[in-house]
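The values are calculated or read from the model by the stated rules, or taken from the named source; none is laboratory data. On a predicted model such as this, the values are computed, not experimentally measured, just so you know. Here Cβ is always computed from backbone atoms with ideal geometry, including for glycine, and neighbour counts include all displayed protein chains. Protein only, heavy atoms only, side chains kept; ligands, DNA and RNA dropped before computing areas. Shrake-Rupley method; radii C 1.70, N 1.55, O 1.52, S 1.80 Å.
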Amino acid sequence: MKIVTFIFSALLSIALVYILNTKMVLPAPLGKLLAPQSGVWQNAENDNEGFSADLQFPTLNGNTTVYFDERLVPHIFSDNDVDAIFVQGYLHARFRLWQMDLQTLSAAGEVSQVVGDIALKHDREFRRLGMVFAAENSLKKIEADDESKKLCDAYTAGVNAYINSLTESSLPLEYKLMGYKPTQWSNLRTALFLKYMSYDLSSNERDFELAAAHNYFDSTSFNLLYPVKQDSADPIIPIGTVFAEPSIKTVAPANADSTYLHGEVTAMENEKPFAENGSNNWAVSGSKTKSGYPILCNDPHLGLNLPSLWYEMQITTPTYNAYGATFPGAPAIIIGFNDSCAFGFTNGGRDVRDYYEIQFKDKSRKEYWFNKEWKTTSFRIEKIKIAGKPDFYDTVAYTIFGPVMYDQSFGGKRNTSSKNYAVRWKAHDSSNELKLFYYLNKAKNYTDYVQASTYLHTPGQNIVFAAKNGDIALRTQGEWPAKWPGQGDFPMPGTDSSYMWQGMIPQSEVPYQFNPERGFVSSANQRPVPPNYPYYLGREYPSSRGVMVNRLLNGMSNITPQDMKAMQNNNYNVFAEMLLPVIIKNMDVTLLSGSEQGFFDQLNKWDIKNEANSIGATVFAITLQELRDTVFNDEFSLAPEGALKPFESTLMEALLRDSSYKFIDDISTPAKESISNMVTKAFKGACLELNNLKTSHKLEWAKYKDTHIDHLTKLPAFSRLHLPIGGGEHIINATKAVHGPSWRMVVSLTPQTEAYGIYPGGQNGNPGSKFYDNGIDKWVQGEYYTLWVMTKNDINDNRVKSKIVFKRG
């Protein structure tokens, strides 16, 4: 018996040793994860954790001291600009290294080397989109400029200084769980991070989906489903603005309508950035504020993740003193203010990515037909490392347009493509956006702001500005292709140069406002200009938030920062305000059952606000979705796979304009349906889901919407779930399920700056830290932190909790 016990114990021990040193249970060896001296235990931070240190690095030029306040916000005081950026890189890595690493791996198409071939499709698509190609082009521009190169080099050195200090025990938790280690940072990775933002904000086109729809519907139907303009739009540059004659006279090819608008679509993007990436920003002049000084506000709407996208910081050098939100992964303050002015961004939303169908001479792809001759193709061999498997090699052809993204070997969402599509993306072109942010950090007046803005090429943004001297301004800034009407709505022929972009809209013709008479400037991703602007800007822009922002600002006076905070958290649904009367008017209540009548009463008495506890908001949202399906599903039942569903605003504007809208009739029935038939049918369908929600106690808007902030790994234990917050689509407080206001900022440019801000996360990316998610509850409640602009006289202030001294040595 003893021998049996001994053998069993020995086998058990061997099995445990084997399991603990392999990746059978988790991506990382379990033994390493649980090791007392280096495992996950080491990542738990004591509530009284101090961050003070004295550090020396040979690359520094002088002295820098960082004071951390009670929220772990660093206030950097440096002898010079370059050292300040070194320290910024160090701090980004100290508190957000894994996040920076993962984002740039994703941008470069290198995720498979960490998680295996589950990410291979993502990696191939990003390589074929030319993400690295684009980053390399921008880096050449950055490094050709001495000032930019010094800053970029300093940032990289700072990140690597922290990476080089890491030990097995101090590795961020996620590395331990996923079983890999960080590699050295580089200037290319900074450029990749910026290109990732370009992907997120300037890559969401729908050429294939629109083409699939156009191949199915006739032109009349197509233009009803996807109108070129929205009647409800209140553009960024107000109606009535007069524009000069365009300096670029775009000319459409004579055969454009008969050629590129037709043909089978054989590829679809596998991934798309969130379609509603957007933001609000506005600035009001002193004539509308109680203080007599301008107030600037900004809340960028992006994916809600943990660790947060943003990292708060103050940077003070002999040449500037800036405060605001930074991107871990890139130098400078991105959205913020300095001693003279404030600045912020919303997404421009224009189409700067188009596809061209390429005709190769043969399967070798060595030559392609262009302007009546065969052109030589170049190739880029993409080596994709895959964890646990052999490397994957992808040979990507490059043409005059750019990389051939889809071909027989890769069809994106489809397994293969019988056609070859090259992608022309403005982000492929060289640019140096680092100078935009660096110069905004140092800007002292309107002239400096305009000069800085011209460095923004892609992603194009609406840059808002306000200064202590009273100036306010907004530029719809970017390097935008000058297009003829309809150009780029669909994939175009790649055999003829006449389909290429014919130039970039000159900076002198970029629409802007400077100290307008109405006393404010604003943008909320709506159409940037009125219809008389001479260049084609695409079909759809979201209108509702812009309508509400302008309505409120027009009616306000004696504005205070508190008013602006309330406005950023406004939950009024102006989209519902316009559509709800149509629904109410056309509901045939005689056909509703008792429970349906109850929901209709909820809708009827709803105050049109998407507050967290609103039931009317839930009833409206589900009714709207059912109404869209009821009206359009019959026409789309035989449409090609991937055909784009009508724009968000299409149905609402159509019903307001025409109660006999063409698509009201259900073509699958012999009867002729009316709007009343369809509204009632849709509502009865909505009530089925509403009854289920009632049973599961999820009728309240926040419970139905279910806002949650996931950790980037999606691990529930590191995420914040079921947040009780209102807002939503079409609303200034654009908080949706996983997307929303990622940084709210209000800056009153009084002589002593008064500023407030908050983001849904915390300064420390470590899930074991009390600073990991400490801002979320206040963000949910619509509260703000006072942004403390520290001075050197404040070093003994009670808010200072830790200090790191950086010296040359």
With the requirement that a residue be closer than 20 Å to Thr753 by Cα and open to solvent by 20 Å² or more (accessible area, probe 1.4 Å), what does segment 453-471 give you? Lys468, Asn469, Gly470, Asp471
Checking the structure you have, find out if any residue of segment 523-530 is in a helix (DSSP H, G or I) and under 19 Å from Val746 (Cα atoms). no
Members of segment 251-268 found to be more than 24 Å from Pro534 (Cα to Cα), among the hydrophobic types (A, V, I, L, M, F, W, C) and at pLDDT below 85, listed by number: Val265
Flag if Phe327 is of a type in the set (Phe, Trp, Tyr), open to solvent by 10 Å² or more (accessible area, probe 1.4 Å) and touching a residue at least 24 places away in the same chain (Cβ under 8 Å): yes
Within segment 141-148, can one find any residue that is farther than 18 Å from Leu456 by Cβ and assigned to a loop (DSSP other than H, G, I, E, B)? no
Please work out which one of (1) at pLDDT 95 or above; (2) surrounded by fewer than 24 Cβ atoms within 10 Å (Cβ to Cβ); (3) within 25 Å of Ser279 (Cβ to Cβ); (4) not aromatic (Phe, Trp, Tyr) is the condition Lys195 fails and give its number. (2)
Of the residues in segment 251-308, those that are more than 14 Å from the chain's Cα centre (by Cα), open to solvent by less than 40 Å² (accessible area, probe 1.4 Å) and within 27 Å of Asp207 (Cα to Cα) number 10
Look through Val510, Val521, Val529 and report the one residue that is open to solvent by less than 10 Å² (accessible area, probe 1.4 Å) and either touching an Asp or Glu at 6+ places or on another chain (Cβ under 6 Å) or more than 26 Å from Glu648 (Cβ to Cβ) (or both). Val510
Can you find, within segment 162-182, the residue that is farthest from Trp425 (Cα to Cα) among those that are assigned to a loop (DSSP other than H, G, I, E, B) and within 26 Å of the chain's Cα centre (by Cα)? Pro172
Give segment 551-566 a look and list any residue that's within 22 Å of Phe620 (Cβ to Cβ) and surrounded by 16 or more Cβ atoms within 10 Å (Cβ to Cβ), or say none. Leu552
Does Lys662 satisfy the criteria of being open to solvent by 60 Å² or more (accessible area, probe 1.4 Å), within 30 Å of Leu638 (Cα to Cα) and at pLDDT below 95? yes
Of the residues Thr623, Thr618, Thr590, which is among the polar types (S, T, N, Q) and open to solvent by 30 Å² or more (accessible area, probe 1.4 Å)? Thr590
Could you tell me which residue of segment 417-448 is modelled with the lowest pLDDT, considering only residues that are open to solvent by 50 Å² or more (accessible area, probe 1.4 Å) and out of contact with any Phe, Trp or Tyr (no Cβ under 8 Å at 6 or more places or on another chain)? Ser418
Which residues, taken from segment 746-792, are closer than 23 Å to Pro561 by Cα, in a loop (DSSP other than H, G, I, E, B) and aromatic (Phe, Trp, Tyr)? Tyr759, Tyr784, Trp788
Taking Pro253 and the conditions (1) in a loop (DSSP other than H, G, I, E, B); (2) in contact with a Gly (Cβ under 6 Å, 6 or more places away or on another chain), which numbered condition does it fall short on, given that it satisfies the others? (2)
Going through (1) over 26 Å from Val747 (Cα atoms); (2) touching a Ser or Thr at 6+ places or on another chain (Cβ under 7 Å); (3) part of a loop (DSSP other than H, G, I, E, B) one by one, Phe575 fails only at (3)
Considering only residues of segment 49-88 that are polar (S, T, N, Q) and in contact with an Asp or Glu (Cβ under 6 Å, 6 or more places away or on another chain), which is nearest to Ser148 (Cα to Cα)? Asn61
Single condition Ile384 does not satisfy, out of (1) assigned to a loop (DSSP other than H, G, I, E, B); (2) open to solvent by less than 10 Å² (accessible area, probe 1.4 Å): (1)
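Matching residues to (1) closer than 30 Å to Ala473 by Cα; (2) open to solvent by less than 30 Å² (accessible area, probe 1.4 Å):
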| residue | (1), (2) |
| --- | --- |
| Thr695 | no, no |
| Val738 | no, no |
| Val747 | yes, yes |
| Gln752 | yes, no |
Among the residues of segment 217-228, is there at least one that is part of a loop (DSSP other than H, G, I, E, B) and open to solvent by 60 Å² or more (accessible area, probe 1.4 Å)? yes
From the set of residues in segment 447-495 that are of a type in the set (Ser, Thr, Tyr) and closer than 14 Å to Gly344 by Cα, which is nearest to the chain's Cα centre (by Cα)? Thr476
Quick check on Arg365: is it closer than 19 Å to Glu136 by Cβ, basic (Lys, Arg) and open to solvent by less than 60 Å² (accessible area, probe 1.4 Å)? no
Cβ pairs under 8 Å, 6+ apart or interchain, first in segment 556-579 and among the β-branched types (Val, Ile, Thr), second open to solvent by 40 Å² or more (accessible area, probe 1.4 Å), ordered by first then second residue, are Ile559/Lys290; Thr560/Lys290; Thr560/Ser291; Val574/Arg551
Regarding Ile804, is this residue closer than 20 Å to Asp47 by Cα, β-branched (Val, Ile, Thr) and in contact (Cβ under 8 Å) with a residue 12 or more places away in the chain? yes
Looking at Leu712, Leu721, Leu690, which is the one that is touching a residue at least 40 places away in the same chain (Cβ under 8 Å) and surrounded by fewer than 21 Cβ atoms within 10 Å (Cβ to Cβ)? Leu712
